[in-house]
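Only one structure is covered here, and it is reproduced in the block below.
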Amino acid sequence: MRTKHILTSLLFAGAVFGQTATLSSDLQGIDPGSNVKVIVTYNHSPNSADHEKVLSRGGTYFNTLHSVPAGSYSMPASGLASLATDPGVAHISLDHPIAPKLDYVTAATNLVSLSGAISAAQKYNVTGAGIGVAVIDSGVAPLADFAGSIVYSQDFTGGNNQDQYGHGTHVAGIIAGSGSSAQCSTCTRSLGGMAPNANIISLRVLDQFGVSSDSVVISAIDAAISLKSKYNIRVINLSLGRPITESYTVDPLCQAVEAAWKAGIVVVVAAGNDGRINAFNNFGYGTINAPGNDPYVITVGAMKTMETYTRTDDLMASYSSKGPSLLDNIAKPDLVAPGNLVVSDLASPTSTLALLLPQNLITTNYYNSKGSSTQKSSAYWMLSGTSMAAGVVSGAVADLLQAQPNLNPDQVKARLMKTAYKVFPSYSVAVDPTTGISYVDYYDALTRGAGYLDILAALQSNDVATGSALSPVVKVNSSGNQDYFQFNSSSVWASSGSNGLFNPLVVWGSTAIGSGNVVVTSSSAVSAVTATSAAWGSSSAWGTSSAWGTSAVWGTSAVWGTSAAWATSAAWATATMIGEQ
């Protein structure tokens, strides 16, 4: 029996915070006596005169961001309003902290490699050879598994270009690790990446604690664009993100990933690990992170492989974030891929994450028949999250581009979505063994996107899209009980042609799209929150003065702070979500 539609609340709420003001909502009402890091977007390439206007207000100039175009500064909040009136200023945003999309696990059980997915690409004789993948993360350790494949490294944290955190090396191993450390006469598993011959461009933005910011990530995106021709960079992997605070149309981070996309680089982004959030009975819907909310990029959710090589028994990871995106209602994720309990390269046993999660270090007998069941591997370990799933898709993109190098980013995205595996159960339930809480996933288009990555099907296909592959906007009908996709008129989904290859019914599947392109989403037995007075309302959890406000949970001195929930000793640190769920 259907009850009030969950997504109706989310969609109506989008209009509450939609704004085109020069000053972003999370800077409005901020304490004028505080000092704040901001990104100022201009109507032109910023110059010394623009920087001087910030300096004259007591500010400090950090660097120029070219893809936006913008400048990164610190300045007194009291000067923001006057700076916003400058005719050359298009928008001012908070320079938000950013975290990796890693789901910490509490038990090193149910280990699984990506051998099934990798073997499909290898059977087609593609290894990502010649394709450059920019890994914007915590760096990539110069391990044996990356011998000769790290062609460029740059550190944007002011550090020593080492992966002290451990996240980036694990992601890079999923993308392009050779698996050489598990190749021996008695080794029983292949632990190579999706595209073992791809070239890695390591752009370090996360420090030893996994901390970064919008401006640092944008600087790395700028570098990837400038290095595109030299290293044939065709893919950027962003296994990181943050909450959405403003429309993607003005968010500098989203504008930067769009610039990379338009420069010919496929941008793959982790969806986020907030799918278990149900504080306001929204059942994880509307929890996509930025920049995964941008309609250009490929946003990836996580699946559980269930310890088997067949995909027929695979299930959604309950932590995987769901759409639509906050404010703009973009239909996300675009795809799902294996991301749970993935074994990949260990940067160092002394890296921050390895010390924090020693239970995730696998034993050597996992891949070596002569190994020990008690000796910890110094080469491989296990992590879970949409970070890992994004790495799988980035490797698959490298394989596809090696096989068909003339494909542009939109054609790659459309191909992967069209050929994705689309057979799912109607729902699945995961039970947290510690708390006993059950989490339900309904396999609608806003949970699993266009489907489960199928690299072999993508390689075998010759379908080439004409037009953009912008993710559609989710709209709600006048009665408020049905949601539907609204496609950009330039998109391949809106102009699929007589062959219907990229018709929405084909791409999102018959179980996700009904007549008139109506999205058939699952309802819940619990009544959804209302748009104006509850979770998504202007005075509650998502409002400017509460959980997402400037002085509360997502504020500059709270959850994203150095000692709070996103810090190394709190929410993302020890055992927040169970990886095997």
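Quick note: the coordinates plus some simple rules give every number you see, no bench work behind them. Just so you know, these numbers come straight off a predicted model, no measurement behind them. Ideal geometry is used to build each Cβ from the backbone, glycine not excepted, and the neighbour counts take in all protein chains shown.
Volume per residue, Å³, of the convex hull around the alpha-carbon atoms of segment 185-254?
Convex hull of Cα atoms, per residue: 161 Å³.
Please list the non-local residues whose amide H lies under 5 Å from the amide H of residue 468, H modeled 1.01 Å from N, same-chain partners needing a gap of 5 or more.
The answer is 491, 492.
Please order 283, 485 by the number of other Cβ within 10 Å, starting at the fewest.
The order, fewest Cβ neighbours first, is 485, 283.
Assign unit charges at the C-beta atoms only (+1 for Lys and Arg, -1 for Asp and Glu), then state the dipole size of segment 122-210 relative to its Cα centre in Debye, rounded to the nearest 20.
The calculated dipole for segment 122-210 is roughly 320 debye.
Given Cβ point charges of +1 (Lys, Arg) and -1 (Asp, Glu) and nothing else, what value in debye, to the nearest 20, does the dipole of segment 212-365 about its Cα centre take?
Charge dipole of segment 212-365: 220 debye, to the nearest 20.
For residue 241, which sequence-distant residues (separation of 5 or more, or a different chain) have an amide H within less than 5 Å of its own amide H, given hydrogens modelled in the peptide plane?
Those lying under 5 Å, H to H, from residue 241 are 99, 101.
Using each residue's phi in segment 194-200, evaluate 6.51 cos²θ - 1.76 cosθ + 1.60 at θ = phi - 60° and report the 3J(HN,Hα) Karplus result to the nearest Hz, with x for Gly and Pro.
Values, residue by residue: 5, 9, x, 9, 6, 8, 9 Hz.
Please get the size of the charge dipole for segment 292-398, origin at its Cα centre, with Cβ charges of +1 on Lys and Arg and -1 on Asp and Glu, quoted in debye to the nearest 20.
Approximately 280 debye in magnitude.
What are the ³J(HN,Hα) values, in whole Hz, obtained from phi via the Karplus relation 6.51 cos²θ - 1.76 cosθ + 1.60 with θ = phi - 60°, for each residue of segment 211-220 in sequence order, with x given for Gly and Pro?
9, 8, 8, 3, 5, 5, 5, 4, 4, 5
Check residue 23: other-chain or 5+ apart residues with amide H under 5 Å from its amide H, H built from backbone geometry?
Here 92 satisfy the definition.
Over all alpha-carbon pairs in segment 272-399, figure out the percentage whose distance exceeds 23 Å.
That tail contains 43 percent of the Cα-Cα pairs.
Using every alpha carbon pair in segment 238-327, what percent of pairs falls into each 10 Å bin from 0 up to the bin containing the largest distance?
All Cα pairs, binned at 10 Å, distribute as 18, 43, 28, 11, 0 percent.
Round to the nearest 0.05 the FRET efficiency obtained for residue 426 and residue 190 when R0 = 30 Å and r is the Cβ-Cβ distance.
After rounding, the FRET efficiency stands at 0.30.
Quick one: which of 101/422; 322/376; 422/475; 37/475 span more than 28 angstrom between C-alpha atoms?
As for pairs spanning more than 28 Å Cα to Cα, those are 322/376; 37/475.
Going highest first, how would you order 410-420, 225-235 by mean Cβ packing within 10 Å?
410-420, 225-235
Semi-axes, largest first, in whole Å: what does sqrt of 5 times each Cα gyration tensor eigenvalue give for segment 22-97?
Working through the eigenvalues yields semi-axes of 17, 13, 12 Å.
Relative to the present Cα-Cα distance, how much length would full extension add between residue 350 and residue 372 at 0.36 nm per residue of separation?
5.8 nm
How big, on average over all directions, is the shadow cast by the Cα convex hull of segment 99-472, in nm²?
16.7
Compute the FRET efficiency between residue 183 and residue 310 as 1/(1 + (r/R0)^6), taking r as their Cβ-Cβ distance and R0 = 25 Å, and round to the nearest 0.05.
Given R0 = 25 Å and the Cβ-Cβ separation, E is 0.50.
Would you list the P(r) distribution for segment 328-443, with all Cα-Cα distances sorted into 5 Å bins from 0 and each bin expressed as a whole %?
P(r) for segment 328-443, in whole percents per bin: 2, 9, 13, 15, 16, 14, 14, 12, 5, 1, 0.
Using a Förster distance of 22 Å, how high is the FRET efficiency between residue 155 and residue 226, based on the Cβ-Cβ distance and rounded to 0.05?
Approximately 0.85, to the nearest 0.05.
Per the Debye formula with a single identical scatterer at each Cα and no solvent contribution, what log10 I(q)/I(0) holds for segment 376-484 at q = 0.09, 0.10, 0.16 Å⁻¹?
-0.37, -0.45, -0.95
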